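Scroll down for the structure; my scribbles are underneath it.
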Amino acid sequence: MELSDGLQSLRQCYEEYLDDRRLMLREGGAFQGISRFFTGPPAGERVIAKRFLQQLETCVAQLSQADTALAAEAVEFMLLGAKGFDHNSQLMFQAAESYVLPLLDALSQEDAARILRGYTARYPKRRQMMPKQTEVLDALVRAAK
């Protein structure tokens, strides 16, 4: 999904997370999966995730002051366009979906309805969603009315 120039910082936030995660996995070596089983996620992974979420929060705060079209594009990217390259990076992006909540008030009813259709197609069964994703879904439904 190609983003407009106004969303450069948002795009960069996601790309940096993926780059950091790839580097961490490359440096982790062959026994990283076994180590993770016994000791949990490595400290570096927690640092990367925390930095990503802090940067994302800053980006969303800046975008909440933006116009409706830019907010809609950001919400669509965060909910439908952001793709991780492995299971854990995809889970991180799903966990970060709740960061769109401040942007939903800026959406037009048409944009909210369009994004809602895509979001419900992506998660056809509510039981597959995390609690924060359910909150996002409920907010999208309200915004589309």
### Message
Please compute the modelled spin-label separation between R127 and Q65, points set 7 Å along Cα→Cβ, answer in nm with one decimal.
### Response
4.5
### Message
Compute and list, largest first, the equivalent-ellipsoid semi-axes of the range 5-144 from the alpha carbon gyration tensor, each √(5λ) rounded to a whole angstrom.
### Response
29, 18, 11
### Residue-averaged 222 nm ellipticity for the chain, from DSSP H runs of 4+ at -39500 (n - 2.57), nearest 500
-21500 deg cm²/dmol
### Message
For the chain, set up a GNM with springs between Cα atoms under 10 Å and report which of F77, F52, F85 has the largest fluctuation.
### Response
F85
### Message
In Å and on Cα atoms, what radius of gyration and Dmax does the range 64-142 show?
### Response
11.9, 34
### Task
Please turn the phi angles of the range 132-145 into ³J(HN,Hα) values with the Karplus equation 6.51 cos²θ - 1.76 cosθ + 1.60 (θ = phi - 60°), one per residue in order, whole Hz, x for glycine and proline.
5, 5, 5, 4, 5, 4, 4, 5, 5, 4, 5, 5, 7, 7
### Task
Apply the Karplus parameterisation 6.51 cos²θ - 1.76 cosθ + 1.60, with θ equal to phi minus 60°, to every residue of the range 63-79 and state each ³J(HN,Hα) to the nearest whole Hz, in sequence, with x for glycine and proline.
6, 5, 8, 7, 6, 4, 5, 5, 4, 5, 5, 5, 4, 4, 5, 5, 8
### Message
So for the range 82-145, averaging the separation of alpha carbon pairs under 8 Å that are six or more residues apart and normalising by length, what relative contact order in percent results?
### Response
44
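Every number here is computed from the coordinates shown, using simple stated rules; none is lab data. Just so it is clear, the structure is predicted and the values come from calculations on it, not from any experiment. Cβ atoms come from the backbone with ideal geometry, glycine included; neighbour counts cover every protein chain shown.
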